[in-house]
Structures are given as structure tokens and as C-alpha cells.
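Engineer: What follows is a structure written as C-alpha cells; I'll ask about it next.
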Amino acid sequence: MADLSLHSILEQMTLEEKIAQFMQLATPFFEGAEEQGEITGPMAEMGITEEIVKNSGSVLGASGAKEVRSIQEAYLKNNRLGIPLLIMADIVHGFKTIFPVPLGIGCSWDTELAEKSAEIAAREAAVSGVHVTFAPMVDLVRDPRWGRVMESTGEDPFLNSEFARAFVRGFQGRNLAEDTDRVAACVKHFAAYGAAEGGRDYNTVDMSERQLREMYLPAYKAALDEGCEMVMTAFNTVDGIPASGNKKLMRDILREEWGFEGILISDWGAVKELIPHGVANGEKEAAEKAMKAGVDIEMMTTCYVHHLKEQVESGTVSENLIDEAVLRILTLKNKLGLFDHPHRGTDEKREQEVIMSEEHRHVARRLAAKSCVLLKNDDILPLQADKKVALIGPFAQNGDILGPWAWKGSREKAVQLYDGIAKREGAGSISVAKGCDVAAGTEDELNEALAVAAEAEVIILALGESSEMSGEAGSRSDIRLPEIQRKLLAAISKLGKPTVAVLFNGRPLDLTDVSQQTDAILEAWFPGTEGGHAIADLLYGIENPSGRLTMSFPHSAGQVPVYYNCFNTGRPQGAPDAQERYVSQYLDIPNEALYPFGYGLSYSSFTYDEPVLSSGTLKVGETIDVTVRVTNTSEREGEETVQLYVRDLSGEVVRPLKELKDFAKLTFKPRETKEVTFTLREEQLRYHHSDLQFTSDPGDFIVYVGPNSAELKEQPFKLIN
Ligand code: BGC
């Protein structure tokens, strides 16, 4: 349909019909939904009338070809102008084939496979009737107490941006109208939701604009540069103003500066939350502020549908603002081809073939294997096939490995660790005991586990957090394993047998005691549907671990936030003139992370030569090449992620100790040497100055190359005008 026709639809719409387009309601409100709610009880309390439902613009959380078809059909029968509904849902890391949580995907450093995972998620969701996914979540994260770190790809703005782009490409493809196997993406949560104070969900965010622009905004911008159709606002404040009523964020930065023309949707209830935040004295003012600041769609509260009409009629809110927002919504409906094909790719037969197909599960298995990070290995892994194994712990036989956002994922269909290990071809003897539940247990369970372990040659401990312990509203102040599991670990470690910990969790944990009481640690995150297979492949050396952390693991919660791209301070530890006491440090733990950004082991081993620069000087607007020879010194083929960092030694404002600028994930044959060349552009040295100008500073720099942010070889260079 041509844009002209969209304008003519707009002209025919009454003010009520326009405003109803801004209303997003959950599935049960709609006729045709399987679990249909009567418009009584809570719905009536919200003031939802049939008239509103009949005209509301979008649905939250509907899926399944049959259900979506019947909702759309019933809706179109009642909708005066035949404007189709938009179906939106959280397809965060898979629809039914569940991939690892995004933090795990981040640790793969494999943007191609990440893109593929989003493409598969889109295909499964689209055939089930979904049009828009509330993903990617690209909030930069530094505080593992925050439960939602598992939804992010980590603590680095560059890497997060690369993944943001990959996910958007995967979800959206090139043409949403023609390629009905894709869905529109909605990047979230704008902005800086990941910086909640104390890691407590929904809490205040307050930071300098420079910090916001340098660390937090780039990944949202990257998603939009890739063509992301929608943006979701965040729950938190930014500089004293809730993001969902923040004109500077939405109108000035998103729309004016970045030229974003797509739809802005509030997070769940966030328009009404302007009231408890304390910037609106009631729903009416909340509606006015959110609309003026730029929110087009209000998710699950009713400030707009109840108050905007009166505000337009009284002249408080201009009808132009309303029209612009409606047009954006109609435009997306049109881009998705919904006016011509309101049922789009929905297809019950294909749904059966596509969902959880062999191919999809295969990609999930590959990505899960690449997402796991081998944190420790004292010559115990890979395990020999014939070793007598005891598999112990609450995650030994547990389908809760999909993570908190696996809305449509089935725990029953997930491959549990026991099945992955025991059902392998050629598997030797394996006995299993739970030892305890995730957060509770009995002496009998512990004793049984100890008896099983005593008979084995190797113990695999499957420990972690339940999915409820992270995700939204899943903040924790103590980020160690639950006490009962630490007790199990301590008792098992006293047996003195070779012990491997496999960890299932949604955040970097404090692993200090785990690292002292085990011989190997494999961080598996929530690995998704194919978790058990992927982990078994890694433990037995069918796959070689290649994951690298994208978020630092602290020594303890008291060290949080600890992140690699921090500042030096005026009194750094270890400086030649540093005093013993009066330096920036803790008295009881190191400053550095227990396991730093970029870190991860492999069954291969690699050495790095000194990096060589094509020139010791870089001119503004030009490039230099940084070349390093990397050798696989082992007899095993393996992947290495070669990382390039830069430090600006003297900026106009303080610069981070290291900033990731590039990386290359490469496969090395046994004993193979490869020369890796990165081209460093002057543009990559630019940053926001005190006046927010984005330029570079001529002067001294260091370029670093290495396997992780803490083990690097360096070369100096100068930037000149
Ligand atoms: C979450 C969003 C999500 C939305 C819709 C909110 O509570 O913060 O990330 O997209 O719900 O399910």
C-alpha cells in the first residue's frame, strides 16, 4: 500500500480511533484468544471497554498460527476501517528452539551465528503469527547483581553494538513485506536500564551525559543504524527524568539527532509509572508528558486512551503529535504487508515443520557450545570416554536450562545434562545424584550424592541458579551459589577426586570458592534447548571450548562493579611511585576481576608474538595496520579470539585503561601460525569531549593485542594532526 493511502486512512480516523492505536493490550483481552478474559474484573477496573479493544492497535504476547489468525479475523470484523492488529511478543533468544541467553551468545564472539539464531527465532515466531519482537535488549551491563544482565551481551559498547546489529539483521532480514519469515525488531530498553543503582531492578540511573553517550548509547544507535523498526523505553530515570517521559532522550537524541522515524513503545506500564516516579500528578499528566516526550504506544496501562482525547480537545496536546504517532504505527503495519495480508506468514501446517526442526536444533547446539566459557582447567578436561563418572547436583537432571526469557520454550524438550552425557555414543559408566535442590536440600540427599561420588573416577558437579533467580525483578545482593550448593561442593571436594563444575546461571557469579574447590569450571549460562548435548560435546572434547567472557566475574559482590574498561585513577595500584597504602585498592581482594572480560580457555594453547605496526604514527583521518602472529602450540585444532584494545594516554577527559576496538575469531589447525592484521582507523580513537564534541586527541596511545583484556602485548604509537 502506498504512503498516500496511509494518509487517507488517517484522515478517515476519528480521534478515538487514532488514540486507540496507541493502546497495547495483552492477548486475553481479545476475541479469538484461547485464554480469553471477560471484560470484567481487572480489565474493567483498568477501564478497558469493548470499544477500546475493538480499536486498539497492538497485542502483547499472542502467538500460535491458529490463535493469532482467529484474533486477527475477529478484530478485523469489528474494526471499522479494517486496520490490522500488530502482534508483538518477547522473542528474546529463540521462540521454541531456545538458544543460549544473550549473555551466553555474547560470549561466543560469533556475530554470524548470533544473526543466524535471530533469523531462526524470527522464522519460528513469524509462522506462528508474531510480527514484532521485543528484542534485541542491548543495555550495557556492569553489575551482576542485576538479574537482567543475562539479556545483554555484556560490558563493552563496541561488542554490544556488533551484536545489536547482528540480531537486528537476523530478525528483520531485508524486506519485511516480502520475507514473511522475519519479524520487526524493537531495541530496548532506551536508555541505560543496565545501570540501575546497586543492581536493583527498576532503580535510579544517574550518570554524566558523556558516560551515557560513550558507553550506553552506542548499541541502541547501532541497532537503529541497522534499520531496527522500533524502540522500547526503559523503566528507570535518566538524569532525574524517567526514560518514558524523557524528552531529551526521545525527541532530542532519538528523533532529532539520530533521525529515528520508527515507533517508540513504553515498557510495560511505564507511562503510568511516571506517577510513582514523582513527575506526574495523575494519569492525565502522565499521558501528556509521555506523548510530548515521544512515546507512541503505551504498553498495558491506559493513560493515553483515557486522557489524550480530552487533552487534544483542550489544546494541551497537539493533534499533530497524535497524527505523527498514528502514521508511524500504520507505516509499520504497512511495511509488514499487513494491509494486504493481515495473516502474513501465519501457517499452521508450516508451523509444524519449521518449529524445532532438526536444522534449528543443530544451530542451537552449535551456538550453545560456543557460548560456554571454560574458566578453569587443571589438566582434567576433556574427559576420557571410559572414565567412571558421577554426575551430581541440582542441574544434573533438570530442564530449567532455558533461562528466564524462554517464554515459549519447553523445559520438557530441553536436553538435560545427564541425557547429553549418558546418551552419547560410547558413553562409559555414569551414575547420578541430585545432592540437593537449587536452594534447599536434606542430609539424606547429600549423603546419597557423597556415596555416588565415592564410587567414581571423576565428578561432574552441575550447579547454578534457577531461572527465577535472574531475569526481570531477579536482582540478588549475594551472587554466590546458593548456600546449600556451596555445602554440597565443599563436601564433594573433600573427597579429593578430580572434580569439574558445570554452571548454569544468568549472571557472573562470585566463584571464589568454586575456583578453589574444583579442578575445572565450565560456565554454561542458560544454554537453551540443546544445552545437554553441547556441554557433553565440550566435556568430552568433541567440541573445543572457544567462549570468551563479555562480562567480568568479580571476586565478590563487594567488588561490583568491576569492568575492564575502567579509569586508572590518580592513585593506581602498582605504579612505580605507588605507596603501600594510599592507593586505590581494596584491603582484602585484588582490584582486577577474578575472570576478566575477554577471558576463556581452550583445549588448544596459543602464543602471541609482539604486535607490529605499519607505522608509529597515525594521522587524523588515516589508518595504521596492527599485525600479530598467533600460533596454536597444541596438537588440537581450536578457535582463538584475537582481541585488539587501545589506550589513549592523555585525553582532554580521562580515558579508559583499555577499550576493545576489534577482534578476530579464527580457527587454527594443530601447530598452525596465522598472521592477523587489524586496520586501526583514527575514527576509532574519537570520543566525547567535555563539550560533547566527538573527536580524537593527538598524542600518545598504546595498542594492545592478546587473548583477553588482562594478558596483552603492546606497542606505542602517536596520533598526529
Ligand atoms: C520488560 C520488557 C518486555 C515487556 C513485555 C517488561 O516487563 O521489561 O523487556 O519486553 O515486559 O513483555
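The values are calculated or read from the model by the stated rules, or taken from the named source; none is laboratory data. The model shown is predicted, which means the values in this text are computed figures rather than measured ones. Here Cβ is always computed from backbone atoms with ideal geometry, including for glycine, and neighbour counts include all displayed protein chains. Quick note on the areas: whole protein, heavy atoms, side chains included, nothing else; ligands and nucleic acids left out. Shrake-Rupley method; radii C 1.70, N 1.55, O 1.52, S 1.80 Å.
Engineer: Give me the pairs: first residue in the range 352-377 and more than 15 Å from C107 (Cβ to Cβ) and basic (K, R), second residue in a helix (DSSP H, G or I) and open to solvent by 30 Å² or more (accessible area, probe 1.4 Å), beta-carbon distance under 6 Å, and six or more apart or on different chains, which are they?
Structural biologist: So the pair list comes out as R365/H533.
Engineer: Applying the selection to the range 45-73, what residues are more than 16 Å from the ligand (Cβ to nearest atom) and open to solvent by less than 10 Å² (accessible area, probe 1.4 Å)?
Structural biologist: Within the range 45-73, I48, A65, V68, I71, Q72 meet the criteria.
Residue by residue, here is whether (1) surrounded by fewer than 22 Cβ atoms within 10 Å (Cβ to Cβ); (2) more than 24 Å from the chain's Cα centre (by Cα); (3) within 30 Å of R174 (Cβ to Cβ) holds:
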position: N236; (1), (2), (3): no, no, no
position: R251; (1), (2), (3): yes, yes, yes
position: V279; (1), (2), (3): yes, yes, no
position: E283; (1), (2), (3): yes, yes, no
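Engineer: Restricting attention to the range 192-213, does a residue exist that is aliphatic (A, V, I, L, M), in contact (Cβ under 8 Å) with a residue 12 or more places away in the chain and farther than 27 Å from Y563 by Cα?
Structural biologist: no
Results for (1) closer than 18 Å to I720 by Cα; (2) open to solvent by less than 20 Å² (accessible area, probe 1.4 Å); (3) out of contact with any His (no Cβ under 7 Å at 6 or more places or on another chain), shown as yes or no for each residue.
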| position | (1), (2), (3) |
| --- | --- |
| P656 | no, yes, yes |
| E659 | no, no, yes |
| D662 | no, no, yes |
| V676 | no, yes, yes |
| R681 | yes, no, yes |
| H689 | yes, yes, yes |
| Q693 | no, no, yes |
| P698 | yes, no, yes |
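Engineer: So is A293 in contact with a Cys (Cβ under 7 Å, 6 or more places away or on another chain), in contact (Cβ under 8 Å) with a residue 24 or more places away in the chain and surrounded by 19 or more Cβ atoms within 10 Å (Cβ to Cβ) or not?
Structural biologist: no
Engineer: One residue is enough: does the range 208-227 have a residue meeting the conditions within 16 Å of the ligand (Cβ to nearest atom), assigned to a loop (DSSP other than H, G, I, E, B) and open to solvent by 10 Å² or more (accessible area, probe 1.4 Å)?
Structural biologist: Going residue by residue through the range 208-227, those that are within 16 Å of the ligand (Cβ to nearest atom) are 219-220, 223.
Right, trim to assigned to a loop (DSSP other than H, G, I, E, B) and you get none.
There is no residue in the range 208-227 that is within 16 Å of the ligand (Cβ to nearest atom), assigned to a loop (DSSP other than H, G, I, E, B) and open to solvent by 10 Å² or more (accessible area, probe 1.4 Å).
Engineer: All but one of (1) among the aliphatic types (A, V, I, L, M); (2) touching a Lys or Arg at 6+ places or on another chain (Cβ under 9 Å); (3) over 19 Å from V132 (Cα atoms) hold for V231, so report the exception by its number.
Structural biologist: Unmet for V231, out of (1) among the aliphatic types (A, V, I, L, M); (2) touching a Lys or Arg at 6+ places or on another chain (Cβ under 9 Å); (3) over 19 Å from V132 (Cα atoms): (3).
Engineer: Determine whether T111 is away from the ligand (no atom under 16 Å from the Cβ), of a type in the set (S, T, N, Q), open to solvent by 10 Å² or more (accessible area, probe 1.4 Å) and closer than 20 Å to Q172 by Cβ.
Structural biologist: When the stated conditions are applied, T111 passes them.
Engineer: Taking the range 79-103 on its own, how many of its residues are at pLDDT below 95 and under 18 Å from A26 (Cβ atoms)?
Structural biologist: Matching residues across the range 79-103 total 0.
Engineer: Which ones in the range 43-75 are within 18 Å of Q24 (Cβ to Cβ) and of a type in the set (A, V, I, L, M, F, W, C)?
Structural biologist: Answer for the range 43-75, where residues must be within 18 Å of Q24 (Cβ to Cβ) and of a type in the set (A, V, I, L, M, F, W, C): M43, M46, I48, I52, V53, V59, L60, A62, V68, I71, A74.
Engineer: List every residue pair whose Cβ atoms lie under 8 Å apart, where the two residues are 6 or more positions apart in sequence or sit on different chains, the first residue falls within the range 509-528 and is in contact (Cβ under 8 Å) with a residue 40 or more places away in the chain and of a type in the set (D, E), and the second residue, located anywhere, is open to solvent by 10 Å² or more (accessible area, probe 1.4 Å) and not in a loop (DSSP other than H, G, I, E, B).
Structural biologist: Matching pairs, first to second residue: D510/A557; D519/K376; D519/N377.
Engineer: Please go through the range 420-476 and give me each residue that is touching a residue at least 24 places away in the same chain (Cβ under 8 Å), open to solvent by 10 Å² or more (accessible area, probe 1.4 Å), of a type in the set (D, E, K, R) and away from the ligand (no atom under 16 Å from the Cβ), ordered by number.
Structural biologist: The answer is R424, K434, D437, E455, E457, R476.
Engineer: State yes or no: is M23 at pLDDT 95 or above, among the hydrophobic types (A, V, I, L, M, F, W, C), within 16 Å of the ligand (Cβ to nearest atom) and farther than 30 Å from S467 by Cβ?
Structural biologist: Spelling it out, M23 is indeed at pLDDT 95 or above, among the hydrophobic types (A, V, I, L, M, F, W, C), within 16 Å of the ligand (Cβ to nearest atom) and farther than 30 Å from S467 by Cβ.
Engineer: Only one of (1) open to solvent by 30 Å² or more (accessible area, probe 1.4 Å); (2) hydroxyl-bearing (S, T, Y); (3) within 16 Å of the ligand (Cβ to nearest atom) is not met by S318, so which one is it?
Structural biologist: Here S318 clears every test but (3).
Engineer: Give the range 43-57 a look and list any residue that's touching a helix residue (DSSP H, G or I) at 6+ places or on another chain (Cβ under 8 Å) and either touching a residue at least 24 places away in the same chain (Cβ under 8 Å) or closer than 25 Å to T346 by Cα (or both), or say none.
Structural biologist: Restricting attention to the range 43-57, the residues satisfying the condition of being touching a helix residue (DSSP H, G or I) at 6+ places or on another chain (Cβ under 8 Å) are 43, 47-48, 51-57.
If the condition is that a residue be touching a helix residue (DSSP H, G or I) at 6+ places or on another chain (Cβ under 8 Å) and either touching a residue at least 24 places away in the same chain (Cβ under 8 Å) or closer than 25 Å to T346 by Cα (or both), then G47, I48, E51, I52, V53, K54, N55, S56, G57 are the ones that fit.
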